1. Looking at (1) at pLDDT 95 or above; (2) open to solvent by less than 20 Å² (accessible area, probe 1.4 Å), which is the one condition that is false for A:D240?
2. Which one of A:S432, A:S478, A:S462 is in contact (Cβ under 8 Å) with a residue 40 or more places away in the chain, surrounded by 22 or more Cβ atoms within 10 Å (Cβ to Cβ) and assigned to a loop (DSSP other than H, G, I, E, B)?
3. Condition test on A:E48, is it closer than 28 Å to A:F559 by Cβ and more than 21 Å from the chain's Cα centre (by Cα)?
4. Taking the criterion of being within 29 Å of the chain's Cα centre (by Cα), on the phi > 0 side of the Ramachandran plot and not assigned by TED's automatic domain parsing to the domain that holds A:K449, would at least one residue in segment A:411-418 satisfy it?
5. Test A:K199 against the stated conditions and say whether it is at pLDDT below 95, assigned to a helix (DSSP H, G or I) and surrounded by fewer than 23 Cβ atoms within 10 Å (Cβ to Cβ).
6. Looking for whichever is at pLDDT 95 or above and within 14 Å of chain B (Cβ to nearest Cβ) here; the options are A:E30, A:E48, A:E68, A:E79. Which one fits?
7. Any chance segment A:257-272 includes a residue that's within 26 Å of the chain's Cα centre (by Cα) and outside any loop (DSSP other than H, G, I, E, B)?
Amino acid sequence: MTCILGISAFYHDSAASIIVDGKIIAAAQEERFTRKKHDSNYPYNAVEFVLKYSNFKLSEVDHIVFYEKPFLKFERLLETYVAFAPKGFLQFSKAMPLWLKEKLFQKKMLMDCLKENDENFKDEKKIFFSEHHMSHAASAFFPSPFDEAIILTADGVGEWATSTVAIGKDNNVEIKKEIHFPHSLGLLYSAFTYYTGFKVNSGEYKLMGLAPYGDPKYKNLIKDNLIDIKDDGSFRLDQDFFNYSTGLTMTNEKFNNLFGKMPRNSKNEKITQFHMDVASSIQNVTEEVMLKMATSLRKEYNLKNLCLAGGVALNCVANGKILEKKIFDKIWIQPAAGDAGGSLGAALALWYKEMKKERKIFKTDQMQGSYLGPEYSQNEIEIKLKEAGAIFKVMKEEELIDKTAEDLSKGKAIGWFQGRMEFGPRALGARSILGDPRSETMQKDLNLKVKYRESFRPFAPSVLNDQVSEWFDIKEESPYMLLVSNVNKKKQIKMDDDQKKLFGIDKLNVKRSEIPAATHVDYSARIQTVHKETNPRYFKLLEKFKEKTGCPVVINTSFNVRGEPIVNTPDDAFNCFMGTELDKLIIGNCYLDKKNQNQKLKKDYTSKFELD
Amino acid sequence: MSFLKEFWEFLRIRKKYWLFPIIIVLVLFGGLIILSQGSAVAPFIYTIF
């Protein structure tokens, strides 16, 4: 048996993954254990978990792969500073101490950290380094159900590459083309995230959610000044407008002058139509780049499958557009498309590409629904809940499903904690908050009472896989909530002229379909198809909900409050339950009613976590 | 020592010998910078480095 541990760390979203003889056994992100969102420290807890889950000691692991190459990154930094000198001195003076003190000696640093997990680990020769975008590409191709595919990866920046095109065939991935720093689609999107007042590297999804409210008024302004897009989708950014290569902000004065406003300060400035139009414009440009790339790659390589990874692959609206245009027969997107997934890709790249092990192709992908995290037995759950002072009832599965579906149909907000935790940023029915999508008030109630945010984004729908085309304009599976499609015309409710004039959240509150809580203002929805094979209990719940209401859809949002990492343990879940106005909590076979709980255990969660 | 060997190998494979003098200077001056401060914390808005 060959055991490979993959690690991503020291930038953002640290994670650990373990594969045994090429099979993905476990993977988890460090933030879930430390409760620090996007935790970038060495993933001590995640490593502990994956080792324990796979029954290995660190000293028994055959190889350890880090998801990127620090020397190559250092080379990029030095060359960038030389190219921009003397302009980038400020950033240089901040970066160099960090590098000369720690990051340049990452192998030693990694060794020291690994010794914390197991003091018997001594073999430095077991440590390997994979290239950042090779890790992404490997994470997108090797678990996919394809024997051959084009792999497109795009994110902020790795070492040099910001976007790559690779060809995956059997057990090999070969990078064919790269776009290098500072020209980056991810950083362009992040620059606008910053400009519109959201947190870089975590608020990008908000910018995407804001886009449907606006008109792409600034699209030409962006294309004429900021980005030169070629017919094949390759691009260059005009660095005169950006500050990320040399400064400590994303954009500069010239950028502000171009749009005629300073970046929004989220503390005292509200989102206006201007920000919505800017969001719509940059979303449009991103889609254009992705579509042009996809179209030209299909023509150039004549392969019918596409795999996607890298932070930009989390832009599910752009993914949905590629799918809708039918450029490729099939698309598969790595659910942990961000840097956390790099840990898995790095391990898989070593096994298949370097060790040249045979790769078997299966009909379904090898991510097992992305349920790769920790799980708790019924016994453990009961012990933990008792310790926490919870009052609960243990039910048989049938009764539990029936009761939960009944609660959902009555408009209750449910905390749903079942099986192994998801790997990747989306909650997929293992650590989820569920609600009735038919309710006109659900979106508002959940946001204000449970998530503590005034959101302009509706919630994502989970739908029974075999019913998806009945409710949405999509026939394909979307198990990882990474595709956006419109609500089926039959289920839409047209807005009248007065309603069309409404602005922002008021417009979101208009009943626009039979499932208003899951329908965005442009009738789009971020879909998760639920499959019996990967999450049978969640599938049964949706079936029961359909039996009671005729609707095979529930809304599914991550089990956390704003800015908090998704819950990991039964304790986290109970704390979140008692800190919010969730009505019921279902953990394993335990059923908790808020009304029965000791009111003294209530916690103040409203200001515990910072906004993205 | 193994670090220096690995780094030299890296420069050789990448054919980036011109970075070597920059690194020597950096290590000399960097030593001073490191000694003069407690901890090195990245303040940047996007973790580019």
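1. Against the list (1) at pLDDT 95 or above; (2) open to solvent by less than 20 Å² (accessible area, probe 1.4 Å), A:D240 comes up short only on (2).
2. A:S478 is the lone residue from the list that is in contact (Cβ under 8 Å) with a residue 40 or more places away in the chain, surrounded by 22 or more Cβ atoms within 10 Å (Cβ to Cβ) and assigned to a loop (DSSP other than H, G, I, E, B).
3. Considered against the rule, which asks whether it is closer than 28 Å to A:F559 by Cβ and more than 21 Å from the chain's Cα centre (by Cα), A:E48 comes out as yes.
4. No - not one qualifying residue is present in segment A:411-418.
5. Answer is no for this residue.
6. None of the others qualify; the one that does is A:E68.
7. No, there is no match, as no residue in segment A:257-272 is within 26 Å of the chain's Cα centre (by Cα) and outside any loop (DSSP other than H, G, I, E, B).
Each row is one residue, and each column tells you yes or no for (1) free of Cβ contacts under 8 Å to residues at least 40 places away in the same chain; (2) more than 14 Å from every other protein chain (Cβ to nearest Cβ); (3) over 14 Å from A:G310 (Cβ atoms); (4) aromatic (F, W, Y).
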site	(1), (2), (3), (4)
A:M111	yes, no, yes, no
A:N120	no, yes, yes, no
A:E131	no, no, no, no
A:S163	no, yes, no, no
A:N171	no, yes, yes, no
A:I175	no, yes, no, no
A:E178	no, yes, no, no
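The values are calculated or read from the model by the stated rules, or taken from the named source; none is laboratory data. As the structure is a prediction and not an experimental result, all values here were calculated from the model. For neighbour counting, all protein chains shown are included, and Cβ atoms are generated from backbone atoms with ideal geometry for every residue, glycine included. For the accessible areas, the whole protein counts, side chains as well, though only heavy atoms, and no ligand, DNA or RNA atoms are used. Shrake-Rupley method; radii C 1.70, N 1.55, O 1.52, S 1.80 Å.
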